[in-house]
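*Asks:* The following block contains the structure, expressed as structure tokens.
The values are calculated or read from the model by the stated rules, or taken from the named source; none is laboratory data. Being a predicted model, the structure only gives us computed values, none of them experimental. Cβ placement follows ideal geometry from the backbone for every residue including glycine, while neighbour counts extend to all protein chains displayed. Just the protein is used for accessible areas: all its heavy atoms, side chains included, with ligands, DNA and RNA removed. Shrake-Rupley method; radii C 1.70, N 1.55, O 1.52, S 1.80 Å.
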Amino acid sequence: MSARLLPPVSDLTLPYWDAARDEQLVVQFCDRCEHRPFPPRTHCPACGAGDLDWRAVSGTGIVYTFTVAHRAPHPVFADLCPLVIAIVELTEGPRLLSNVVNCDPADVHVGMAVSVRFEAVDGSDIRLPVFVPATSEAGTG
Ligand SMILES: [Zn+2]
């Protein structure tokens, strides 16, 4: 458990955070064209359809790009630095801004296989999706 800045939760994003609380990663799928928008949208940016369904995804992906913060961008991150801030491309396609944890930041590289974990946050029932090296733990949780 750690201190974090909490994300704003809206009617649009509530299903994402509800699923994360249950340690499941979900993204929207367009019923018409199979596009998978992220972050959540009211309408599909590819075809304009308004019927986007939330579906569970594997929670696996790769590091698409990343940076390492050595100086905390906010005091709440002070104990987390050096912090790997990464865009993770999920196996299903969407790209999420997250963190890669449980490894030496020097070992993180573009294309690295990762899998999701859910981090408890002090004083909240929110669980933040973060990513760990896919080879660091057995199973995909
Ligand atoms: Zn669509």
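*Asks:* Could you tell me how many of the residues in region 14-40 are more than 10 Å from the ligand (Cβ to nearest atom), part of a loop (DSSP other than H, G, I, E, B) and farther than 16 Å from S98 by Cα?
*Replies:* Final tally of qualifying residues: 1.
*Asks:* For region 122-137, give me the residue count where each residue is in a strand (DSSP E or B) and surrounded by fewer than 17 Cβ atoms within 10 Å (Cβ to Cβ).
*Replies:* 0
*Asks:* Hey, can you tell me all the residues within region 42-80 that are away from the ligand (no atom under 16 Å from the Cβ), surrounded by 14 or more Cβ atoms within 10 Å (Cβ to Cβ) and part of a loop (DSSP other than H, G, I, E, B)?
*Replies:* Quick first cut of region 42-80, residues away from the ligand (no atom under 16 Å from the Cβ) only: 56-80.
Among the residues that remain, those that are also surrounded by 14 or more Cβ atoms within 10 Å (Cβ to Cβ) are: 57, 59-64, 66, 68-69, 72, 76-77, 80.
Once the filter is applied, which keeps residues that are away from the ligand (no atom under 16 Å from the Cβ), surrounded by 14 or more Cβ atoms within 10 Å (Cβ to Cβ) and part of a loop (DSSP other than H, G, I, E, B), region 42-80 yields V57, G59, A72.
*Asks:* Taking interchain pairs and intrachain pairs at least six residues apart, which have beta carbon atoms under 9 angstrom, with the first residue in region 128-141 and at pLDDT below 50 and the second open to solvent by less than 20 Å² (accessible area, probe 1.4 Å)?
*Replies:* As it stands, the answer is G139/S115; T140/G59; T140/S115; T140/V116; G141/G59; G141/S115; G141/V116, since those pairs meet every condition given.
*Asks:* Another question, if that's okay. Could you tell me how many of the residues in region 18-41 are open to solvent by less than 40 Å² (accessible area, probe 1.4 Å) and within 27 Å of D122 (Cα to Cα)? Steps first, answer last, please.
*Replies:* Let us first name the residues in region 18-41 that are open to solvent by less than 40 Å² (accessible area, probe 1.4 Å), namely 19-20, 25-30, 37, 40.
Then drop every residue that is not within 27 Å of D122 (Cα to Cα), which leaves 19-20, 25-27, 40.
Of the residues in region 18-41, 6 are open to solvent by less than 40 Å² (accessible area, probe 1.4 Å) and within 27 Å of D122 (Cα to Cα).
*Asks:* Let me ask another. Looking at region 81-113, which of its residues are surrounded by 16 or more Cβ atoms within 10 Å (Cβ to Cβ) and farther than 22 Å from P40 by Cα?
*Replies:* Scanning region 81-113 gives L83, V84, V101, C103, P105, V108, M112.
*Asks:* Between residues in region 7-35 that are basic (K, R) and residues that are at pLDDT 95 or above and within 16 Å of the ligand (Cβ to nearest atom), which pairs lie under 6 Å by C-beta distance while being six or more apart or on different chains?
*Replies:* Every condition considered, the pairs that remain are R32/C47; R32/A49.
*Asks:* Filter region 104-127 for residues that are more than 14 Å from the chain's Cα centre (by Cα) and either of a type in the set (D, E) or modelled with pLDDT under 95 (or both) and give the result.
*Replies:* D104, D107, V121, D122, G123, S124, D125
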